[in-house]
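Taking it in order: structure first as structure tokens, then the write-up.
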Amino acid sequence: MELDFFKNNNNFEKIQNVKSECLFGDETLLSQVDITICIPTYKREKTLKEAIDSALQQKYASLSYCVIVVDNNTDKDNNTLKLIQTYTDKRILYFKNEKNLGMFNNWNRCFEIAKSRWVALLHDDDFLKTDYIDYVNSLLPIIKKRNLSCLCFAFDRLYKDGRKNTLVKKEAKRIKSICKRLYSSFIHIFRRKGLTRITTPLVFLFGGNSFAIPSCGILFDREKLLESGGFNEDFYPISDFVLLLYFMHKREVYFSHHSVGIYRWELNESLKTETRNKSLEGSKAYTIFLGKKHKILNTFFKDELMREKSSQLERKEFVPSRLLFVIRKLYDDIFLYSDAVRIYE
């Protein structure tokens, strides 16, 4: 049976009987703020502190906001609660699930708990830059005019040894060097400011990672997400991307070229071989699905896309085919705020 990536179920029904108790903070604050920053967590106290601090230490915060931590760890006396109790900031609230909901259902619970119109997701091992709230406020006129359902942002990568994102392969370095020169020469032509709408044809060609799927501040209209049915754990580990596909089909999703978050690139669940293989299998499935929806693109690129994903699955590594590598790097380095752009700014 073929998967339908434009259909979503009511995933909130699956967790309606599981309670989440507020053990820290004032729940009345939830309905008084403009934005809620949600940090779903599970046994990551060290990196969680950095995530919370980055959310609380916003400069020139021109919108009211609060931070909620929703804990999947059911142990009554755990280190996460002890960490939260060290804070005196009244903008932070802590909820504990009576049952481990799993990663994506815990994300759904975050949206159920929040009450503000706008809800931002932040991984418990990532962090926001200090201008996040102020930058979102600057976009509000555009957001309201375009009736956005979801807004993704560019992000920086933080490696364990502190290095920025680097490409190891010689071929990759050559292509990246060409992209940088092109960008430097034609910056006044190619530089895109403001927001870009993400459509399924773009996803077909460039894949989900080109649009900052990691939740470094990704912003949702809460009511529209609740109406969509939320994140479907059946699509693990690409449930977040599948929800965005649904949003792209039914509503409007935009991408901001301004980097607002730091994505920690370490050996976590998403980088495990089994998880990566499942991600590739899911990517191949949605590529086939989108190819049937966009026949012209499918005619030119389907074989190339399938060859790329099949080779990745066989070799268990991410090695794009040459044609798609050129296309995607040109897109990343010229049109998006990726490494090349940050170098030249």
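The values are calculated or read from the model by the stated rules, or taken from the named source; none is laboratory data. Predicted model only: the values in this text are computed from it and were never measured. In this analysis, Cβ positions are derived from the backbone assuming ideal geometry, glycine residues included, and neighbour counts consider all displayed protein chains. In case anyone asks, the SASA skips ligands and DNA or RNA and just uses the protein heavy atoms, side chains included. Shrake-Rupley method; radii C 1.70, N 1.55, O 1.52, S 1.80 Å.
Among the residues of segment 38-52, which ones are open to solvent by less than 70 Å² (accessible area, probe 1.4 Å) and closer than 22 Å to LYS99 by Cα? Lay out the reasoning, then the answer.
Kept after step one, since they are open to solvent by less than 70 Å² (accessible area, probe 1.4 Å), are these residues of segment 38-52: 38-41, 45, 47-48, 51-52.
CYS38, ILE39, PRO40, THR41, GLU45, LEU48 - these are the residues of segment 38-52 that are open to solvent by less than 70 Å² (accessible area, probe 1.4 Å) and closer than 22 Å to LYS99 by Cα.
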- Query: Here are some conditions: (1) within 25 Å of GLY230 (Cβ to Cβ); (2) touching an Asp or Glu at 6+ places or on another chain (Cβ under 6 Å); (3) open to solvent by 20 Å² or more (accessible area, probe 1.4 Å); (4) modelled with pLDDT of 95 or more. ASP34 meets all but one. Which one does it not meet?
  - Reply: (2)
- Message: When the residues of segment 6-31 are narrowed to those that are surrounded by fewer than 17 Cβ atoms within 10 Å (Cβ to Cβ) and among the aliphatic types (A, V, I, L, M), which ends up nearest to GLN85 (Cα to Cα)?
- Response: LEU23
- Query: Taking TYR94, is it part of a loop (DSSP other than H, G, I, E, B), hydroxyl-bearing (Ser, Thr, Tyr) and surrounded by 17 or more Cβ atoms within 10 Å (Cβ to Cβ)?
  - Reply: no
- Message: Quick check on segment 56-65: of everything there that is crowded, with 17+ Cβ neighbours inside 10 Å and in a loop (DSSP other than H, G, I, E, B), which residue is nearest to the chain's Cα centre (by Cα)?
- Response: GLN58
- Some residue of segment 134-143 being over 18 Å from the mean Cα position of the chain (by Cα) and at pLDDT below 55: no
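Return the only residue of PHE255, PHE289 being farther than 29 Å from THR41 by Cβ and either of a type in the set (Phe, Trp, Tyr) or not in a helix (DSSP H, G or I) (or both). I'd like the intermediate steps shown before the answer.
Values: PHE255 fails: farther than 29 Å from THR41 by Cβ.
Going through PHE255, PHE289 in turn, just one is farther than 29 Å from THR41 by Cβ and either of a type in the set (Phe, Trp, Tyr) or not in a helix (DSSP H, G or I) (or both): PHE289.
Scanning segment 1-55 for residues that are in a loop (DSSP other than H, G, I, E, B) and without any contact (Cβ under 8 Å) to a residue 60 or more places away in the chain, which turns out nearest to the chain's Cα centre (by Cα)? So that I can check it myself, show each step before the final result.
Quick first cut of segment 1-55, residues in a loop (DSSP other than H, G, I, E, B) only: 1-12, 16-19, 25-26, 32-34, 42-44.
Pick out the ones that are also without any contact (Cβ under 8 Å) to a residue 60 or more places away in the chain and you get 1, 16-17, 32, 43.
Details: MET1: 28, GLN16: 25, ASN17: 27, GLN32: 26, LYS43: 20 Å.
By that ranking, first place goes to LYS43.
Report yes if ASP89 is more than 19 Å from CYS216 (Cα to Cα), surrounded by fewer than 22 Cβ atoms within 10 Å (Cβ to Cβ) and at pLDDT below 95, otherwise no. Steps first, please.
On the way: more than 19 Å from CYS216 (Cα to Cα): yes; surrounded by fewer than 22 Cβ atoms within 10 Å (Cβ to Cβ): yes; at pLDDT below 95: no.
So ASP89 fails the test.
Does segment 66-83 hold any residues that are more than 18 Å from the chain's Cα centre (by Cα) and crowded, with 22+ Cβ neighbours inside 10 Å, and which are they?
Within segment 66-83, the first condition is being more than 18 Å from the chain's Cα centre (by Cα), and the residues that meet it are 66, 71-83.
If the condition is that a residue be more than 18 Å from the chain's Cα centre (by Cα) and crowded, with 22+ Cβ neighbours inside 10 Å, then CYS66, ASP71, THR80 are the ones that fit.
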- Filtering segment 203-218 down to residues that are at pLDDT 70 or above and closer than 21 Å to PRO40 by Cα, which residue is nearest to the chain's Cα centre (by Cα)? SER215
- Query: If we keep just the residues of segment 212-264 that are within 16 Å of VAL136 (Cα to Cα) and among the charged types (D, E, K, R), which is least open to solvent (accessible area, probe 1.4 Å)?
  - Reply: ASP221
